[in-house]
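> Before anything else, here's the structure in question.
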Amino acid sequence: MKVQDKHYRTIWLKEDDSHVVQIIDQRHLPHRFIIEDLTTVDEVAIAIEDMHVRGAGLIGATAGYGMYIAALNAPKSSVQEFMKNVKADGEKFKATRPTAVNLEWAVNRQLEALQSVEDNVDAKISVCREMANTIADEDADFCRRLGIHGASIIEEISKRKSGEVVNILTHCNAGWLAFVDYGTATAPIYAAFDKGIKVHVWVDETRPRNQGASLTAWELGQHGIPHTVIVDNVGGHLMQHGLVDMVITGTDRTTFTGDVANKIGTYLKALAAKDNGIPFYVGLPSSTFDWKIRDGVKEIPIEQRDATEVKYISGLHDGEIKSVLLTPENSPAGNYAFDVTPSRLVTGLITERGICEASEEGVLGLYPEKKSK
Ligand code: MRU
């Protein structure tokens, strides 16, 4: 993805010092573009928990690099001591954000890689670094591929509309910033736009943290894609008036039966889409499938965050980023960060292997190797 014509990923190893992981600190976007250095386990855990980085794929990639930092900083007196520390750091990362399954997946993948090499600390550190890069490269590649598959749906709608603008609604930020590159909900949009298809995106602002208004709008703007920011309750009205051709969202965890956990409010958009006969698609790399659970509403853990995110809002004022109180000071607030959209409301899942029905048959049809798990 380009930022002012320079290609960036959202996370990388510092060019002249591979002991340093660099990230774009997303708390400052869209007003400031700030790169942060991470060198300790605590810094990585804080970056995930306080959302300097966020979004399922990027949380996974950060955990992957976090495990490499854990390995660099672990005591090297014995392999046992080294492994004990790295495993404990992995548990620390897993506890930072419970809903996005990519986090647990990346930590476990690193632990398997560490266990696969000989009993030598240097060899383990080197395998951990390679695996962190592999997780990041794979994330970018899977998102690129799912973008190509998803663009075919947009192209079809464009043909049906004789080349008129295709209006797509999205919620939160499942864009380039939520992954290592390309994004999931946005990848098909970028691919379609690059092919010359006319698109316009309705961007839900996505309270309380406004990832739509601040991040999705910013990255679509960097790519030159026409878009309009709307408040979270507008989507149903637009759908009733024929102003939405399709909805595409991302997901933080999708069961192998097709239930989709995504940013709070997604379920309401899916209900409105169903009521108006509008296709509702979800983009995801396979790292976001949870192969162990069947019932998303009952089994996916829903993160609850601090009430201050609901009670306060921040933005640019006179060149400074300020936070202001919205509610009576003493009113309590609830901050449920995700909800689950049942598979019956999802038209299809767009993955790196292609598009499938949001059902056990559909998902396992694309990933037959998961059948016995
Ligand atoms: O709380 P966040 O910002 O980490 O939430 C993630 C999201 O932005 C969304 O839920 C997104 O649509 C899916 S993550 C790719």
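> Take the residues of the range 71-119 that are under 19 Å from the mean Cα position of the chain (by Cα) and hydrophobic (A, V, I, L, M, F, W, C): which is modelled with the lowest pLDDT?
First pass over the range 71-119, keeping only residues under 19 Å from the mean Cα position of the chain (by Cα): 93-109.
Now narrow it down to the ones that are hydrophobic (A, V, I, L, M, F, W, C): 93, 95, 100-101, 103, 105-107.
Working: PHE93: 98, ALA95: 96, ALA100: 91, VAL101: 96, LEU103: 97, TRP105: 97, ALA106: 98, VAL107: 98.
Only one residue fits best here, namely ALA100.
> Another question about this same structure. Being within 16 Å of the ligand (Cβ to nearest atom), within 14 Å of the chain's Cα centre (by Cα) and over 21 Å from VAL260 (Cα atoms) narrows it down to one residue among ALA136, ALA174; which is it?
On the way: ALA174 fails: over 21 Å from VAL260 (Cα atoms).
Just one listed residue meets the conditions, ALA136.
> Residue under question is ASP275, and the condition is that it be more than 15 Å from GLY348 (Cα to Cα) and touching a Lys or Arg at 6+ places or on another chain (Cβ under 6 Å); does it hold?
Details: more than 15 Å from GLY348 (Cα to Cα): yes; touching a Lys or Arg at 6+ places or on another chain (Cβ under 6 Å): no.
Taking the combined requirement at face value, the residue does not satisfy it.
> Could you go through the range 295-309 and let me know if any residue there is modelled with pLDDT of 95 or more, basic (Lys, Arg), assigned to a strand (DSSP E or B) and within 13 Å of the ligand (Cβ to nearest atom). Explain how you work it out, then say what you get.
Of the residues in the range 295-309, the ones modelled with pLDDT of 95 or more are 295-309.
Next, only the ones that are basic (Lys, Arg) stay: 298, 305.
If we keep only those that are assigned to a strand (DSSP E or B) as well, we get none.
No, the conditions are met nowhere in the range 295-309.
> Determine if the range 314-325 includes at least one residue that is within 16 Å of the ligand (Cβ to nearest atom), in the same structural domain as PRO279 (by TED's automatic domain parsing) and surrounded by fewer than 17 Cβ atoms within 10 Å (Cβ to Cβ). Even if it seems obvious, please write down each step before you answer.
Going residue by residue through the range 314-325, those that are within 16 Å of the ligand (Cβ to nearest atom) are 314.
Then keep just the ones that are in the same structural domain as PRO279 (by TED's automatic domain parsing); that gives 314.
Retained after the next criterion (residues that are surrounded by fewer than 17 Cβ atoms within 10 Å (Cβ to Cβ)): 314.
Within the range 314-325 (the criterion being within 16 Å of the ligand (Cβ to nearest atom), in the same structural domain as PRO279 (by TED's automatic domain parsing) and surrounded by fewer than 17 Cβ atoms within 10 Å (Cβ to Cβ)), the answer is yes, since at least one residue qualifies.
> Which pairs do you get when a residue that is of a type in the set (Gly, Ala, Ser), found in the range 190-211, comes within reach of a residue that is part of a strand (DSSP E or B) and at pLDDT 95 or above, reach meaning Cβ atoms under 7 angstrom, with the pair 6+ apart or on two chains?
Close Cβ pairs satisfying both conditions: ALA192/VAL199.
> I would also like to ask the following. When you scan the range 242-259, do you find a residue that is under 29 Å from GLU49 (Cα atoms), in contact with a Lys or Arg (Cβ under 7 Å, 6 or more places away or on another chain), more than 10 Å from the ligand (Cβ to nearest atom) and not in a strand (DSSP E or B), even just one? Even if it seems obvious, please write down each step before you answer.
First pass over the range 242-259, keeping only residues under 29 Å from GLU49 (Cα atoms): 247-259.
Filter again for in contact with a Lys or Arg (Cβ under 7 Å, 6 or more places away or on another chain), leaving 247, 255-257.
After this cut, where a residue has to be more than 10 Å from the ligand (Cβ to nearest atom) as well, the list is 247, 255-257.
So of that shortlist, the ones also not in a strand (DSSP E or B) come out as 256-257.
Yes, the range 242-259 has at least one match.
> Continuing with the same structure: Only one of (1) assigned to a loop (DSSP other than H, G, I, E, B); (2) outside the structural domain of SER323 (by TED's automatic domain parsing) fails for GLN110. Which number is that?
Checking GLN110 against (1) assigned to a loop (DSSP other than H, G, I, E, B); (2) outside the structural domain of SER323 (by TED's automatic domain parsing), the one that fails is (1).
> Can you report the number of residues in the range 327-373 which are farther than 20 Å from LYS298 by Cα and surrounded by 12 or more Cβ atoms within 10 Å (Cβ to Cβ)? Give the steps one after another, and end with the answer.
To start, the set of residues in the range 327-373 that are farther than 20 Å from LYS298 by Cα comprises 327-333, 347-357, 361-362, 364-372.
Those still in the list that are surrounded by 12 or more Cβ atoms within 10 Å (Cβ to Cβ) too: 327, 333, 347-357, 362, 364-367, 370.
Here the count works out to 19.
> Which count do you get for residues in the range 260-278 that are crowded, with 18+ Cβ neighbours inside 10 Å, on the phi < 0 side of the Ramachandran plot and part of a loop (DSSP other than H, G, I, E, B)?
Count: 2.
> Can you pull out the strands (runs of 3 or more DSSP E) entirely within the range 1-70 that have at least 1 residues that are within 16 Å of the ligand (Cβ to nearest atom)? Steps first, please.
Working: elements: 11-14, 17-24, 35-38.
Because the criterion is at least 1 residues that are within 16 Å of the ligand (Cβ to nearest atom), the strands (runs of 3 or more DSSP E) in the range 1-70 that meet it are 11-14, 17-24.
> Just checking, does the range 140-162 include any residue being out of contact with any Pro (no Cβ under 8 Å at 6 or more places or on another chain), more than 13 Å from the ligand (Cβ to nearest atom), in a strand (DSSP E or B) and at negative phi?
no
> Return yes or no: is VAL282 at pLDDT 95 or above, outside any strand (DSSP E or B) and surrounded by 14 or more Cβ atoms within 10 Å (Cβ to Cβ)? Walk me through how you get there before you give the answer.
Details: at pLDDT 95 or above: yes; outside any strand (DSSP E or B): no; surrounded by 14 or more Cβ atoms within 10 Å (Cβ to Cβ): yes.
When the stated conditions are applied, VAL282 does not pass them.
> Follow-up question, since we're still on this one. Against the definition (surrounded by fewer than 23 Cβ atoms within 10 Å (Cβ to Cβ), farther than 29 Å from LYS159 by Cα and within 20 Å of the chain's Cα centre (by Cα)), how does VAL297 come out, yes or no? Explain how you work it out, then say what you get.
Numbers: surrounded by fewer than 23 Cβ atoms within 10 Å (Cβ to Cβ): yes; farther than 29 Å from LYS159 by Cα: yes; within 20 Å of the chain's Cα centre (by Cα): yes.
Against the criterion (surrounded by fewer than 23 Cβ atoms within 10 Å (Cβ to Cβ), farther than 29 Å from LYS159 by Cα and within 20 Å of the chain's Cα centre (by Cα)), VAL297 qualifies.
The values are calculated or read from the model by the stated rules, or taken from the named source; none is laboratory data. Computed from a predicted structure; not experimentally measured. Don't worry about glycine lacking a Cβ; one is built from the backbone with ideal geometry, like all the others, and counts go over all protein chains shown.
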